[in-house]
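Okay, so here's the structure we're looking at.
A short reminder: the numbers here are calculations on the coordinates, not readings from a lab. Fair warning: this is a prediction, and the values are worked out from it, not measured in the lab. Neighbour counts run over all protein chains shown; Cβ positions are idealised from the backbone, glycine included.
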């Protein structure tokens, strides 16, 4: 019996091209490898099999699934160099957890898993001068509820494409066009203003661009710079209303104090926008109380007629020999605070000797 044919067969098994062996020798790098939208241009580079071969892309939805050719990659005149290396550009898929690889007739690279960023366009109202609900000089602001602006007060419409509120640092397409549109009675959309994204991923529109109640949306235009091909994207409908601020109370006084209570009194103005009154109390202090841990007490609903005195007794953890700051605001049914507030400081008496503090 001769061992030569058997040894020849063993050598042939080790040198013959195979799917598993070729993949082990091949490589694939994709740049950028994360933080891109579907349609942005990527660079595929690496090595696959012998040199001077035609190559193309394949994809599959999950590990273990069958690979399928990417049709857009077949006509491309991509070939490996003499050393088997390659480099070409292709657009990122707009999918999550999809796998791509580069293949030739004799080999394939390892898979690269893509997770595209979802486009975002969030429409917001930004007040130019938000109302403060704390003591003068202490910048604690009370923003308007979503979708509201106050009649006669400056504001702007902001389109946020990076979703900073959730700390999701999405890529910024600097200079991308943005349209602000208003829905018409026939359900079509009319352009109200045009803008572009700044370096922070925002586009701002002056208040005149949304000067009436209605349903708005922002549309991110097609982005085709730098070889990218990112399609247009509309925001969700944004319901916008212009409302009035309620008038503040007047004549706030400290009607009485005890070692465990403070009684406030104020006058209610005639105002159809008023729904409730909010009493904001600063934390207890000695000579100078602060707003470090403010407390809020909502007095609602307001049933007494306008022009009458209203009395509120605060017994919520009041201590003897303490100073308390109070700010009294009116609030509309929409949750809009009065711009100004009546403010006052109250001093509780000292505890009597032998009494519980």
Among 191-201, 322-332, how do they line up by average Cβ neighbours within 10 Å per residue, starting with the highest? 322-332, 191-201
Row for the range 122-243, column shape: gyration tensor on C-alpha, a ≥ b ≥ c, rounded if a/c < 1.5 i.e. under 1.5, prolate if a/b over b/c, else oblate; value oblate
Label points 7 Å out from Cα along the Cβ direction at residue 263 and residue 34: separation in nm? 6.4 nm
Using label points projected 7 Å from each Cα along Cα→Cβ, tell me how many nm separate residue 106 and residue 343, to one decimal. 8.1 nm
In which sequence would 118, 112 go, from the one with the fewest C-beta neighbours within 10 Å to the one with the most? 118, 112
Evaluate the distance, in nm, between pseudo-label points positioned 7 Å from the Cα of residue 27 and of residue 146 along their respective Cα→Cβ axes. 4.7 nm
Using 0.36 nm per residue of separation minus the Cα-Cα distance, give me the extension gain between residue 312 and residue 254 in nm, one decimal. 19.9 nm
Backbone N within the range 101-122 under 19 Å of label point (7 Å from residue 69 Cα along the Cβ vector): 101-109
Sort the range 209-282 into rounded, prolate or oblate with this rule: let a ≥ b ≥ c be the square roots of the eigenvalues of the Cα gyration tensor; rounded if a/c is under 1.5, and if a/c is not under 1.5, prolate when a/b is larger than b/c, oblate otherwise. prolate
State the extension gain, in nm to one decimal, for the chain segment bounded by residue 158 and residue 222, taking 0.36 nm per residue of separation less the distance between their alpha-carbons. 21.1 nm
Which FRET efficiency value, to the nearest 0.05, do you get for residue 321 and residue 299 by plugging their Cβ-Cβ distance into 1/(1 + (r/R0)^6) with R0 = 25 Å? 0.40
Extension gain (nm, one decimal) between residue 232 and residue 115, 0.36 nm per residue minus Cα-Cα: 40.2 nm
So for each of 335-347, 64-76, 87-99 I average, over its residues, the number of other beta carbons within 10 Å; can you give me the resulting order with the highest mean first? 335-347, 87-99, 64-76
